[in-house]
Amino acid sequence: MNTPSNLIVAEHPLIAHKLSLMRDKATPSMQFRHLLREVSLLLGYELLRDLPTELRDIETPAGAARVPFLKGKKLTFVPILRAGNGLLDGLLELVPSARVGHIGLYRDPDTLEAVEYYCKLPDDIAERLAVVVDPMLATGHSAVAAISRLKDHGAREVRLVCLLAAPEGIAELARAHPGVRVFTAAVDAHLNDHGYIVPGLGDAGDRMFGTK
Ligand code: URA
């Protein structure tokens, strides 16, 4: 598949290794969550590499220096419940002052459409970069619905960070929200009949929490 310009695949041996461990169905939930947090730190590095900075004067123990600090209002992370929470802690470690909104969506098992059951977003989301956080970009329905919700709420700049993406979800997102950049650790082959990513890693929420 050609890589669309709004798709950023964070290729790094550490990410690849950790992702392979996560794909293995023998990896227990405790280790899965730990790996997800570690990968979120590495993905965050790529996701946030162009954050604006400003120079300020400080004193180091050895003298005066003009050094960069993050500029402007910090961003908003918006995990899609429940699996999005698995990537959130690491991202918040990188940007502790970020705001956090939440969107609860479930997949209708028959239509695979996203159904919203919860939404709480910061009021000033228009002034902040909004990052939708969801480990799996599969059909793209949840991501499209979440981003539409953020835009209705005033968000102007939106990105999506995920662990795995399927070509179908990437295409759907590019069609519905062409300006949204997607940051992922890998792009897998395709979806199965149930809308799961193949080879994927199964249901990310179930893998995190040990449910079925
Ligand atoms: N959601 C998941 O958790 N896994 C998939 O493969 C697709 C959607």
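Laboratory data are not the source of any read-out in this text; all were calculated from the coordinates shown. Keep in mind that what you see is a predicted model, and the values were worked out from it rather than measured. With ideal geometry, Cβ positions are generated from the backbone for all residues, glycine too; neighbour counts draw on all protein chains shown.
Which of the peptides 169-175, 130-136 is most tightly packed, and how do the rest follow, judged by the mean count of other Cβ atoms within 10 Å per residue? List each step's numbers first, then the result.
On the way: 169-175: 19.4, 130-136: 27.6.
With the highest mean Cβ count within 10 Å placed first, the list reads 130-136, 169-175.
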Euclidean distance of C-alpha centroids, segment 13-35 and segment 149-170, integer Å: 24 Å
Of 202-210, 4-12, ordering from highest average Cβ density within 10 Å down gives 202-210, 4-12
For segment 7-209, what is the convex hull (Cα atoms) projected area averaged across all directions, in square nanometres? 12.5 nm²
Among 42, 16, 30, flag the residue with its Cα farthest along the positive direction of the charge dipole of segment 8-58, charges on Cβ as +1 for Lys/Arg and -1 for Asp/Glu. 30
Rounded to the nearest 5, what is the percent of antiparallel bridges among the DSSP beta bridges in segment 7-209? 40 percent
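Which value, in debye to the nearest 20, describes the size of the charge dipole of the chain about its Cα centre when Lys and Arg Cβ atoms bear +1, Asp and Glu Cβ atoms bear -1, and nothing else is charged?
Dipole about the Cα centre, nearest 20: 380 debye.
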